[in-house]
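Enquirer: Sharing a structure below in structure tokens format, with a few things to ask.
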Amino acid sequence: MSDLLRLATAGSVDDGKSTLVGRLLYDTKSVLADTLDAVHRASADRGLATPDLSLLVDGLRSEREQGITIDVAYRYFATPKRSFVLADTPGHVQYTRNTVTGASTAQLGVLLVDARKGVVEQTRRHAAVLALLGVPRLVLAVNKIDLVDYAEVTFSRIAKEFTAHATALGFGEDAVVEIPVSALAGDNVVDRSVNTPWYTGPTLLEHLENVPVEPDPHDAPFRFPVQYVIRPRTAQFPDYRGYAGQVAAGTVRLGDEVSVLPSGLRSTVTGIDTADGPLTEAAAGQSVTLLLEHELDIARGELIAGGELPTVTDEFEATVCWLAEKALKPGARVLVKHGTRTVQAVVTELRTRFDEQRLAGSDNPDSLNLNDIGQVVVRTAEPVPVDDYTHNRRTGAFLVIDAADGGTLAAGLVGAPLPELDGVDTCADGGSTAPTDSHALVSPGP
């Protein structure tokens, strides 16, 4: 079992995500005394008898004034069993792009619903985003269960509806766990509630502490986007030539044969340097400088790879989550940032737009609008080495950038086929895709 779990919260507006995160921090005693004092003072100033735990998370002044989450708030806490990195993401439709950011590295998603409202449009949208990004496990936290008098029938109805939708998105039965909670009162968050005797499953914290987590795939094919070429040219290091970056996937060892892409040049690893001294091997997540046997012309943006090599191509299919108010139309000229490389590109074709509400697709759409998910064809001005996202989340992801102002337009996933678009309708309220009006997947490299 991994010692670290990365998780993200998501849900609709006012479902209580920030309060739930605050409750986790408060009940696990992960809040500094001066921070807690500040929350008590702010709560008292608002006339509240008890501390508003959402203030532990909503750090921006505008967030506190409006009582909403805007930015992604990252919090770190630990229990004797496991450490956690938690991303609290906003619920508003216009901030869906920030949900993509928080979920892009998550190993588990905690999706909240208000027990009074049940599964709503934004719930289905966030579930689709989590499925698209390859988040392997979900927790459905049915929050505010105290406001429906801890009714088992309400919880069961919501759990059944959501499970049907999640299953249609590709989540297995054992990948989704439903828990009735009250973030405000603390029911089933850290401590088991006496108010839900009909619920026999784990509390939220118990589940987070014990859920199986797949570690970074160190046995995956080696991928190393070059961030910087180090040439000191000093008396001590007259001929030193190192390639600095972070191992995106796999493991590299002294003596390994590697390829430099997209050029295809080959060499052997002769050194692995770090600020703390040389290593004999480095794995995913480590920042190192590689030394190669041959003096090759390698620049920032190129990829040093080993094992089964990625595909080097100037045209590929991808799934994108469109994050800009300006619509995407066929023929759009953009920039694509893949790893540490940025190239000019054209979106030559829009193949499918996915309706995450009804799990159906429309072929050859005229455009993709804010928060739309669709399959496209991208042609780049230069060949790029790409992996299928389902095989490698780090080197299968890319950003679509506006060449005019540098703004992020979309999060893209190479390949990443959408769920089976069989028209299955799991929409209890007959909802439809969000209106066509509405930065960014965590980049695979700086």
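The values are calculated or read from the model by the stated rules, or taken from the named source; none is laboratory data. These figures come from a predicted structure and were not determined experimentally. Glycine gets a Cβ as well: all are built from the backbone with ideal geometry, and neighbour counts include every protein chain shown. With ligands, DNA and RNA removed, areas are computed over all heavy atoms of the protein, side chains included. Shrake-Rupley method; radii C 1.70, N 1.55, O 1.52, S 1.80 Å.
Enquirer: In this structure, is residue 156 out of contact with any strand residue (DSSP E or B) (no Cβ under 6 Å at 6 or more places or on another chain) and of a type in the set (S, T, N, Q)? Walk me through how you get there before you give the answer.
Expert: Numbers: out of contact with any strand residue (DSSP E or B) (no Cβ under 6 Å at 6 or more places or on another chain): yes; of a type in the set (S, T, N, Q): yes.
The answer is yes for residue 156.
Enquirer: Right, another one. Exactly one condition in (1) hydroxyl-bearing (Ser, Thr, Tyr); (2) at pLDDT below 95; (3) under 17 Å from residue 287 (Cβ atoms) is false for residue 243; which is it?
Expert: Of (1) hydroxyl-bearing (Ser, Thr, Tyr); (2) at pLDDT below 95; (3) under 17 Å from residue 287 (Cβ atoms), only one is false for residue 243: (2).
Enquirer: Scan region 85-98 and tell me whether some residue there is under 24 Å from residue 206 (Cβ atoms), in contact with a His (Cβ under 7 Å, 6 or more places away or on another chain) and open to solvent by less than 20 Å² (accessible area, probe 1.4 Å). Please lay out each step first, then the result.
Expert: Here is the first cut: in region 85-98, the ones under 24 Å from residue 206 (Cβ atoms) are 85-89.
From what's left, in contact with a His (Cβ under 7 Å, 6 or more places away or on another chain): none.
Checked region 85-98: no residue is under 24 Å from residue 206 (Cβ atoms), in contact with a His (Cβ under 7 Å, 6 or more places away or on another chain) and open to solvent by less than 20 Å² (accessible area, probe 1.4 Å).
Enquirer: Would you point out which residue out of 273, 216 is among the acidic types (Asp, Glu), modelled with pLDDT of 95 or more and either touching a Pro at 6+ places or on another chain (Cβ under 7 Å) or crowded, with 17+ Cβ neighbours inside 10 Å (or both)?
Expert: Working: 216 fails: modelled with pLDDT of 95 or more.
Step by step, each of 273, 216 is checked, and only 273 is among the acidic types (Asp, Glu), modelled with pLDDT of 95 or more and either touching a Pro at 6+ places or on another chain (Cβ under 7 Å) or crowded, with 17+ Cβ neighbours inside 10 Å (or both).
Enquirer: So residue 160 fits all but one of (1) of a type outside the set (Phe, Trp, Tyr); (2) under 20 Å from residue 18 (Cα atoms); (3) open to solvent by 70 Å² or more (accessible area, probe 1.4 Å); what number is the exception?
Expert: Of everything listed in (1) of a type outside the set (Phe, Trp, Tyr); (2) under 20 Å from residue 18 (Cα atoms); (3) open to solvent by 70 Å² or more (accessible area, probe 1.4 Å), residue 160 misses just condition (2).
Enquirer: Among 363, 387, which is the only one that is in contact with a Ser or Thr (Cβ under 7 Å, 6 or more places away or on another chain), of a type in the set (Asp, Glu) and crowded, with 19+ Cβ neighbours inside 10 Å?
Expert: Working: 363 fails: crowded, with 19+ Cβ neighbours inside 10 Å.
The unique qualifying residue is 387.
Enquirer: Could you list, in sequence order, the residues of region 3-50 that are more than 23 Å from the chain's Cα centre (by Cα) and acidic (Asp, Glu)? Show your work before the answer.
Expert: Just the residues of region 3-50 that are more than 23 Å from the chain's Cα centre (by Cα), to begin with: 26-50.
27, 34, 37, 45 - these are the residues of region 3-50 that are more than 23 Å from the chain's Cα centre (by Cα) and acidic (Asp, Glu).
Enquirer: Enumerate the pairs (first residue in region 358-372 and over 15 Å from residue 320 (Cβ atoms); second residue anywhere and modelled with pLDDT of 85 or more and not in a strand (DSSP E or B)) with beta-carbon separation below 8 Å, excluding pairs fewer than 6 apart on the same chain, so at least 6 apart or on different chains.
Expert: Correct list of pairs: 359/165; 359/168; 359/169; 366/329.
Enquirer: I'd like to know if region 11-30 contains one or more residues that are modelled with pLDDT under 75 and among the hydrophobic types (A, V, I, L, M, F, W, C). Explain how you work it out, then say what you get.
Expert: Going residue by residue through region 11-30, those that are modelled with pLDDT under 75 are none.
No.
Enquirer: Can you tell me which residue in region 164-182 is surrounded by the most Cβ atoms within 10 Å (Cβ to Cβ), limited to those that are within 20 Å of residue 17 (Cα to Cα) and under 25 Å from the mean Cα position of the chain (by Cα)? Explain how you work it out, then say what you get.
Expert: Taking region 164-182 first, the residues within 20 Å of residue 17 (Cα to Cα) are 166, 176-182.
Still in the running and under 25 Å from the mean Cα position of the chain (by Cα): 166, 176-181.
Values: 166: 24, 176: 21, 177: 19, 178: 21, 179: 24, 180: 30, 181: 28.
Filtering first and then ranking leaves 180.
Enquirer: Quick check: anything in region 92-107 aromatic (Phe, Trp, Tyr), within 19 Å of residue 7 (Cα to Cα) and at pLDDT 80 or above? I'd like the intermediate steps shown before the answer.
Expert: Just the residues of region 92-107 that are aromatic (Phe, Trp, Tyr), to begin with: 95.
With within 19 Å of residue 7 (Cα to Cα) added as a condition, the list becomes 95.
Within this subset, residues satisfying the condition of being at pLDDT 80 or above are none.
No.
Enquirer: Among the residues of region 269-290, how many are over 30 Å from the mean Cα position of the chain (by Cα) and closer than 18 Å to residue 308 by Cβ?
Expert: Here the count works out to 1.
Enquirer: Scan the strands (runs of 3 or more DSSP E) fully inside region 330-446 and keep the ones with 2 or more residues being over 19 Å from the mean Cα position of the chain (by Cα) and modelled with pLDDT of 90 or more.
Expert: Numbers: elements: 332-338, 341-355, 360-363, 373-386, 397-401, 408-414.
Correct list: 332-338, 341-355, 373-386.
Enquirer: Is one or more of the residues making up region 120-138 among the charged types (D, E, K, R), open to solvent by 10 Å² or more (accessible area, probe 1.4 Å) and over 20 Å from residue 199 (Cβ atoms)? I'd like the intermediate steps shown before the answer.
Expert: Looking only at region 120-138, we keep the residues that are among the charged types (D, E, K, R), and these are 121, 124-125, 137.
So of that shortlist, the ones also open to solvent by 10 Å² or more (accessible area, probe 1.4 Å) come out as 121, 137.
From what's left, over 20 Å from residue 199 (Cβ atoms): 121.
For region 120-138, residues among the charged types (D, E, K, R), open to solvent by 10 Å² or more (accessible area, probe 1.4 Å) and over 20 Å from residue 199 (Cβ atoms): present.
Enquirer: Inspect all residues belonging to region 142-152 and state whether any of them is of a type outside the set (A, V, I, L, M, F, W, C), open to solvent by less than 60 Å² (accessible area, probe 1.4 Å), touching a strand residue (DSSP E or B) at 6+ places or on another chain (Cβ under 9 Å) and assigned to a loop (DSSP other than H, G, I, E, B).
Expert: So in region 142-152, the residues of a type outside the set (A, V, I, L, M, F, W, C) come out as 143-144, 146, 149-150, 152.
Pick out the ones that are also open to solvent by less than 60 Å² (accessible area, probe 1.4 Å) and you get 143-144, 146, 150.
Of the ones still in play, those that are also touching a strand residue (DSSP E or B) at 6+ places or on another chain (Cβ under 9 Å) are 143-144, 146, 150.
Add one more test, that the residue is assigned to a loop (DSSP other than H, G, I, E, B), and what stays is 144, 150.
Within region 142-152, one or more residues are of a type outside the set (A, V, I, L, M, F, W, C), open to solvent by less than 60 Å² (accessible area, probe 1.4 Å), touching a strand residue (DSSP E or B) at 6+ places or on another chain (Cβ under 9 Å) and assigned to a loop (DSSP other than H, G, I, E, B).
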